[in-house]
Amino acid sequence: MVTNDNNELLLIKKKINDYWERPGGSVEVNELLEDCVVREVKEETNIKTKVVNFIMLEQLFFGADKKHWLSFCYHLKYVSGSINNNKPEKHDEVRWFKLAHLPKNLSPHAKIAIEKYGIIVK
């Protein structure tokens with residue numbers, strides 16, 4: 001979860017399911033989790049961030065074969081750069097949202113992480 005000094009949260013609108021979601025991706029071999037989240041945000045949105053703290057670990061079970069995924073959520077702070085949709089084949093839009101005015105169609109996993117972070121999503 002990326003925030004800035006304007007009390008905004010960076011979200012990405014996924015093409016696959018029309019949800020707004022946090023930037024993220026997969027850890028590479030020999031990569032630290034903290035390095036992964038910074039790299040993934042840069043790859044997807046073009047901005048530089050720094051890790052503030054760890055928020056939560058979520059276990060996810062997907063599909064008929066019940067794949068077991070571990071999702072590590074960190075709070076990152078915006079450092080520099082202008083946002084850009086660097087993955088237009090995967091994302092419709094990348095945008096900052098005021099914490100008091102988050103979109104209604106947040107992914108279920110984004111809602112959980114945001115609530116853990118201390119923002120109540122209704």
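The values are calculated or read from the model by the stated rules, or taken from the named source; none is laboratory data. The structure displayed is predicted, hence computed values, not measured ones. Cβ coordinates were reconstructed from backbone atoms using ideal geometry, including for glycine residues, and neighbour counts include every protein chain displayed.
For region 53-104, the tally of residues that are over 24 Å from GLY118 (Cα atoms) and hydroxyl-bearing (Ser, Thr, Tyr) stands at 2.
The single residue among VAL51, VAL37 that is outside any helix (DSSP H, G or I), without any contact (Cβ under 8 Å) to a residue 60 or more places away in the chain and within 14 Å of the chain's Cα centre (by Cα) turns out to be VAL51. Of all the criteria given as (1) in contact with a strand residue (DSSP E or B) (Cβ under 7 Å, 6 or more places away or on another chain); (2) at negative phi; (3) modelled with pLDDT of 90 or more, the one not satisfied by GLY81 is (2). Residues of region 75-122 that are acidic (Asp, Glu) and either surrounded by 14 or more Cβ atoms within 10 Å (Cβ to Cβ) or touching a Lys or Arg at 6+ places or on another chain (Cβ under 6 Å) (or both): ASP92, GLU93.
Checking the stated criteria, GLU44 turns out not to satisfy the condition of being part of a helix (DSSP H, G or I), touching a Gly at 6+ places or on another chain (Cβ under 9 Å), within 13 Å of CYS73 (Cβ to Cβ) and in contact (Cβ under 8 Å) with a residue 12 or more places away in the chain. Taking the criterion of being surrounded by fewer than 19 Cβ atoms within 10 Å (Cβ to Cβ), farther than 21 Å from GLY81 by Cβ and either without any contact (Cβ under 8 Å) to a residue 40 or more places away in the chain or hydroxyl-bearing (Ser, Thr, Tyr) (or both), would at least one residue in region 15-24 satisfy it? Yes; the residues of region 15-24 include at least one that is surrounded by fewer than 19 Cβ atoms within 10 Å (Cβ to Cβ), farther than 21 Å from GLY81 by Cβ and either without any contact (Cβ under 8 Å) to a residue 40 or more places away in the chain or hydroxyl-bearing (Ser, Thr, Tyr) (or both). When region 48-70 is filtered for residues that are modelled with pLDDT under 85 and within 26 Å of ASN84 (Cβ to Cβ), nothing remains.
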